[in-house]
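The values are calculated or read from the model by the stated rules, or taken from the named source; none is laboratory data. Here the structure is a predicted model, which is why all the values come from computation and not from measurement. For neighbour counting, all protein chains shown are included, and Cβ atoms are generated from backbone atoms with ideal geometry for every residue, glycine included.
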Amino acid sequence: MREINQSRQNVIRIVIGLAFSILIIRLFFLQIASSQYDVLALDNAVSKKVVFADRGIIFDRNGKSILENTLTYDLMVSPNQLSGLDTASICKILQIEKEEFHKRVIGCIIKNGRYRPSVFEGALSDEIFVQLQENMYRFEPGFFIQERPVRSYPYKVAAHLLGYVGEVDSTILKRTNYFYQIGDYMGLSGLERFYESTLMGKRGVRYQIKDNKNRIVGSYENGKFDSVAIAGKNLRTSLDIDLQMLAERLLKNKLGAIVAIEPKTGGILAMASGPTYDPNLLTGNLRKLNFSWMLRDTARPLFNRAIKGQYPPGSTIKPLGALIALDEGIITPNFGLNCSGAYYGCKRAIACEHKNPGHASNLRMALANSCNSYFSHIYRLAVDNPKEQTTVNGYLRWKKYMNSFGLGVDLGVDLPSEDNGLIPDTSFYNKLYRNHWSSCTNVFLGIGQGEMQATPLQMANVMCIVANKGYYYTPHFVSSIDNATEDEKSLDQYKIRHEVTKIPDTAYNVVQLGMQDVVDRGTAYAARIEGIALAGKTGTAENYGIIYGKREKLANHSWFVCFAPRENPKIAIAVVVENAGFGSTWAGPIASLLVQKYLNDTLPSAKWSEVERIEQKEIILPIVKAKRKKLDSLRQLNIQKQKLINQSISLIDIPRKKENRPQLIFLTHCVAIKTEHEEQFI
């Protein structure tokens, strides 16, 4: 019996010893071997504050800052420290309902975790910021205010090319292998996106000690572990901000695009897309709301038509047809055609605007009068050239010329999402016509119609090639980067001279003179400028669209391309105005004003009345105008609804009395609005 008790005692001693040993080992692991709780303790005692770097400033060619920084403030939340919060008060200041408050907190937890600070409301308005500053002691430690640099556009123009920044989301985090952190901002479009690595700078970190009540009491380790934010680098561009403002003014109330380039360098002087918007709308606390409305606008103000709008170039392509025919030796400058008002070389007649005898008696006359018969005929001569043996080979040769002129290919401008346009390959026609086609099948390519598509940027670049007599530099905005590193010297690609298919200067000389005839005594007579030799070409491009599910003929697009002065070109321009009719009616005068403004640095007082006339003219399809009007009405309705919601929140604390029932009044008003506009509610 005594032996059994002794055995039990030994077992108990062993169990107690093992338990004690495990406890000792665990304590050793937690307190000495593991740093996990050191980190947690440090997090409780030390506050880590991210210091956002100023993004680089963007300057125009004259040193004017066209995109700069200003300070804004974000309200940050730490979800794990929200206990005991006066929710009603902070909702009242932020003008949101409690349901929205809880929704935002949950969203922050899902996106960034319970223990990491997240942006609860970004870009606080001045009114809300002041109220929060006065009452912040009531909302700490769950909430705190953090300053952040935000972009500012002092001239309120160039939205499409400058771009905008926005907070990174989970998709961007994964795509960049978590290079960014939640709360970071990055360029999402335009130059902001293309030069993101240069403009972004480097964020800094500041560590501060907290007391037992979570209040900041000083710097941690005298700033030993702090890092300084490094500002992004500045960009110097070729943009002329005064020319840009005039271009956007001339496109007001219209759909279309303008691109102006310096031929000798490829530097873009102006790029406008209509309709546009004030880029400051996408920087404040109403950014998401403004973005959603613009996204729904049927006129697509967010769409950069200068690099993504694809249009049939119409007669603006005819100078290239002339250069090809001269280079191939199928015509001479004296080659003429007896046109009586239409081209009858194929089954379907191609009409001309001119019927008078002699309007196509030579190349220069044909260019000045934009004779469709002449250029349809020389297109067929090029494609059916006996030297090429077959029509397929002749067409491929013609297409090679067009690609060398920068059509149907990506030019490589320093903006994201540039479109290529379209010069169809032979496989397209082989498939469409089952290998049975001829020069008559696609004869409309000779006059810039048919399947051909070009962007305004491409057509402006074509004018640079004609002006330079056979070469161009890749169109670009940024001419230099302040304090650039070796990795940032990729701008060298914009200094490479691109030689197109060798065509003699004599051919370019004839075409240039013909384009000057267009302005001096031809279809663009209204665009002439006293004292400036302007070489240009009008274009009236047929336009088809889908209206209520049916393909219908719409108003023609108005084109004008030009360069000046002819002898020493300093500017090349392409203008397209959608659904505006003849090129000489609207596109020509717009280009003429821009050329005069750039070369003379001003406009005569008499010309400003012409600017006002063009600015006030509205040229938008009725169906697009109707949809925009309906959308604007809906937007105003929602603004009214939000005001009522804000009024109701401000009345939350008022007791409900029989003689004063603000909540009931608010609800009745909302019901009335919803009943009247049920189909328009978001």
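If you check Gly531 against the conditions, is it more than 27 Å from the chain's Cα centre (by Cα) and free of Cβ contacts under 8 Å to residues at least 40 places away in the same chain? Judged against the criteria, Gly531 is a match.
Name the single residue, out of those in segment 168-184 being touching a Phe, Trp or Tyr at 6+ places or on another chain (Cβ under 9 Å) and either at pLDDT below 85 or over 20 Å from Pro149 (Cα atoms) (or both), that is surrounded by the most Cβ atoms within 10 Å (Cβ to Cβ).
Only one residue tops the list, namely Gly183.
Number of residues in segment 594-625 that are within 21 Å of Leu269 (Cα to Cα) and of a type in the set (S, T, N, Q) equals 3.
Checked against the criterion of being out of contact with any His (no Cβ under 8 Å at 6 or more places or on another chain), farther than 30 Å from Glu353 by Cα and assigned by TED's automatic domain parsing to the domain that holds Val510, segment 379-386 has at least one qualifying residue. Tell me which strands (runs of 3 or more DSSP E) are completely within segment 464-577 and hold 1 or more residues being in contact with an Asp or Glu (Cβ under 7 Å, 6 or more places away or on another chain) and closer than 30 Å to Leu235 by Cβ, or say none if there are none. The qualifying strands (runs of 3 or more DSSP E) are 471-473, 478-481, 571-577.
Looking only at segment 249-269, decide whether some residue is part of a strand (DSSP E or B), hydroxyl-bearing (Ser, Thr, Tyr) and surrounded by 15 or more Cβ atoms within 10 Å (Cβ to Cβ). Don't jump to the end; show me each part of the working.
As a first pass, look at segment 249-269 and keep what is part of a strand (DSSP E or B): 254, 256-261, 267-269.
Applying the additional criterion that residues be hydroxyl-bearing (Ser, Thr, Tyr) yields none.
Looking through segment 249-269, none of the residues is part of a strand (DSSP E or B), hydroxyl-bearing (Ser, Thr, Tyr) and surrounded by 15 or more Cβ atoms within 10 Å (Cβ to Cβ).
What do you reckon, is Phe582 within 25 Å of Glu615 (Cβ to Cβ), modelled with pLDDT of 95 or more, surrounded by 15 or more Cβ atoms within 10 Å (Cβ to Cβ) and touching a strand residue (DSSP E or B) at 6+ places or on another chain (Cβ under 6 Å)? Walk me through it before giving the result.
Numbers: within 25 Å of Glu615 (Cβ to Cβ): yes; modelled with pLDDT of 95 or more: no; surrounded by 15 or more Cβ atoms within 10 Å (Cβ to Cβ): yes; touching a strand residue (DSSP E or B) at 6+ places or on another chain (Cβ under 6 Å): yes.
So Phe582 does not fit the description; no.
Note on segment 75-109: among residues that are over 24 Å from Lys48 (Cβ atoms) and of a type in the set (Val, Ile, Thr), the one that is surrounded by the most Cβ atoms within 10 Å (Cβ to Cβ) is Ile93.
Residue count for segment 483-507, restricted to those that are under 28 Å from Ser592 (Cα atoms) and in contact with a Leu (Cβ under 7 Å, 6 or more places away or on another chain): 1.
For the subset of segment 406-426 comprising residues that are among the hydrophobic types (A, V, I, L, M, F, W, C) and under 15 Å from the mean Cα position of the chain (by Cα), which member is nearest to Asp492 (Cα to Cα)? If you could, list the steps in order and put the result at the bottom.
Going residue by residue through segment 406-426, those that are among the hydrophobic types (A, V, I, L, M, F, W, C) are 407, 409, 411, 413, 415, 422-423.
Narrowing the set further to residues that are under 15 Å from the mean Cα position of the chain (by Cα) leaves 413, 415.
Working: Val413: 13, Leu415: 16 Å.
So the residue we want is Val413.
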